[in-house]
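The values are calculated or read from the model by the stated rules, or taken from the named source; none is laboratory data. None of the values given here were measured: they were computed from a predicted structure. Heads up, the Cβs are rebuilt from the backbone with ideal geometry, glycines too, and the neighbour counts pull from every protein chain shown. Note: areas computed on protein heavy atoms with side chains; ligands, DNA, RNA excluded. Shrake-Rupley method; radii C 1.70, N 1.55, O 1.52, S 1.80 Å.
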Amino acid sequence: MAPPILSLVLPSETGRVLSIQSHTVQGYVGNKSAVFPLQLLGYDVDPINSVQFSNHTGYPTFKGQVLNGQQLWELIEGLQENDLLYYTHLLTGYIGSVSFLSTVLEVVNKLRSVNPKLKYVCDPVMGDEGKLYVPPELVSVYREKVVPVASMLTPNQFEAELLTNLRIESEKDGREACNILHAAGPPMVVLTSININGNLFLIGSHQKEKGLPPEQFKIVIPKIPAYFTGTGDLTTALLLGWSNKYPDNLDKAAELAVSSLQALLQRTINDYKSAGHDPKSTSLEIRLIQSQNDIRNPEIKFRAERYT
């Protein structure tokens, strides 16, 4: 008789996450940026690597392989044939093609047929600062098919504008974008970075019941004069991790996530300076392993301010 799968028979108190994201051999983006933090927070995480590259694409060159939709589905079938498809959460990040995103939607349906309470946390990675870095046809698939089945969405300002057809030029616009997204599906929305008049915010919104006004808040985020890779993937993973521990308190979850991230970014900057490198000159690889205590037990230094 086969031994039991302990992560199913004796599940962790937190959850079991299927994370479909990119993978780099060196550096921390995609699953490399998301899996370890979730494990530190007590989750069983099963990664599916949508790509396997030598390094992230910001380097002069990269080599590797891309998983297609059929290959993704084969992995899901393999899990299903061995009764391994019970997950509490699905997490997705950068997806580069319509066919792969369409298969992800099939995965959502399949996982919910096994666990109807599955939460789907989606970072709809499409672009930033007015620049699209996925094929344009992905935008309508996200808007029309992904948003309605997501439990939590974590777009940046540009992505929220694409999903809502609303220009976000004020905090009020940001809150209205959250309302539009709630009406389309997800009860939890976090706009992870909004730049208004040179000030950086996170805006979070939790609609606890359909038809009721959502609880909304903002966290002011310091501007760091550097560009980092993997921070969006890490932020969404931390929001998943903490929001599940505080299901009725999205503002507390966001405070913890932002405080972890900011401590990690500060350490990254300091370490590059120690190595004699000007942090403003290139994109920086985050110091994930060295920041594990800030992930596990963050000191809350960034507070949420509720909108009334």
* Structure fact -> Apart from one, (1) out of contact with any helix residue (DSSP H, G or I) (no Cβ under 7 Å at 6 or more places or on another chain); (2) farther than 15 Å from Asn156 by Cβ; (3) in contact (Cβ under 8 Å) with a residue 40 or more places away in the chain; (4) part of a helix (DSSP H, G or I) all hold for Ala183; the odd one out is (3)
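Residues checked against (1) in a loop (DSSP other than H, G, I, E, B); (2) at pLDDT 95 or above; (3) surrounded by fewer than 19 Cβ atoms within 10 Å (Cβ to Cβ):
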{"residue": "Ala2", "(1), (2), (3)": "yes, no, yes"}
{"residue": "Leu8", "(1), (2), (3)": "no, no, yes"}
{"residue": "Pro11", "(1), (2), (3)": "yes, no, yes"}
{"residue": "Val17", "(1), (2), (3)": "no, yes, no"}
{"residue": "His23", "(1), (2), (3)": "no, yes, no"}
{"residue": "Ala34", "(1), (2), (3)": "no, yes, no"}
{"residue": "Pro37", "(1), (2), (3)": "no, yes, no"}
* Structure fact -> Counted residues in the stretch 192-210 being of a type outside the set (A, V, I, L, M, F, W, C) and touching a helix residue (DSSP H, G or I) at 6+ places or on another chain (Cβ under 8 Å) come to 7
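Among the residues in the stretch 121-128, are any open to solvent by less than 60 Å² (accessible area, probe 1.4 Å), farther than 24 Å from Ala183 by Cβ and of a type outside the set (D, E, K, R)? Give the derivation first.
Within the stretch 121-128, the subset open to solvent by less than 60 Å² (accessible area, probe 1.4 Å) is 121-127.
Applying the additional criterion that residues be farther than 24 Å from Ala183 by Cβ yields none.
No, that holds for no residue.
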* Asked: Given the conditions (1) at pLDDT 95 or above; (2) buried (at least 19 other Cβ atoms within 10 Å of the Cβ), which single one is not true for His56?
  -> (1)
* Asked: Before we move on, is Lys117 charged (D, E, K, R), out of contact with any Phe, Trp or Tyr (no Cβ under 7 Å at 6 or more places or on another chain), under 18 Å from Gln207 (Cβ atoms) and loosely packed, with under 14 Cβ neighbours inside 10 Å?
  -> yes
* Inspect the stretch 254-273 for any residue being open to solvent by 70 Å² or more (accessible area, probe 1.4 Å), free of Cβ contacts under 8 Å to residues at least 40 places away in the same chain and either under 20 Å from Glu13 (Cα atoms) or not in a helix (DSSP H, G or I) (or both) and give the result as yes or no. => no
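Out of the residues in the stretch 59-85 meeting the condition of being of a type in the set (A, V, I, L, M, F, W, C), assigned to a loop (DSSP other than H, G, I, E, B) and free of Cβ contacts under 8 Å to residues at least 60 places away in the same chain, tell me which one is surrounded by the fewest Cβ atoms within 10 Å (Cβ to Cβ). Give the derivation first.
Residues of the stretch 59-85 that are of a type in the set (A, V, I, L, M, F, W, C), as a first pass: 62, 66-67, 72-73, 75-76, 79, 84-85.
The next check asks that each one be assigned to a loop (DSSP other than H, G, I, E, B); those that pass are 62, 67, 84-85.
In the following step, the residues that additionally are free of Cβ contacts under 8 Å to residues at least 60 places away in the same chain were identified as 62, 67, 85.
Details: Phe62: 15, Leu67: 20, Leu85: 19.
Checking each candidate, the answer is Phe62.
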* Asked: Just for the stretch 13-32: of the residues that are in contact with a Phe, Trp or Tyr (Cβ under 6 Å, 6 or more places away or on another chain) and among the polar types (S, T, N, Q), which one is farthest from Leu90 (Cα to Cα)?
  -> Thr24
* Single unsatisfied condition, Lys301 versus (1) of a type in the set (D, E, K, R); (2) under 19 Å from Asn199 (Cβ atoms); (3) in contact (Cβ under 8 Å) with a residue 60 or more places away in the chain -> (3)
* Structure fact -> Exactly one of Ala177, Ala226, Ala237, Ala183 is among the small types (Gly, Ala, Ser), within 17 Å of the chain's Cα centre (by Cα) and either crowded, with 22+ Cβ neighbours inside 10 Å or over 29 Å from Gly42 (Cα atoms) (or both), and that one is Ala237
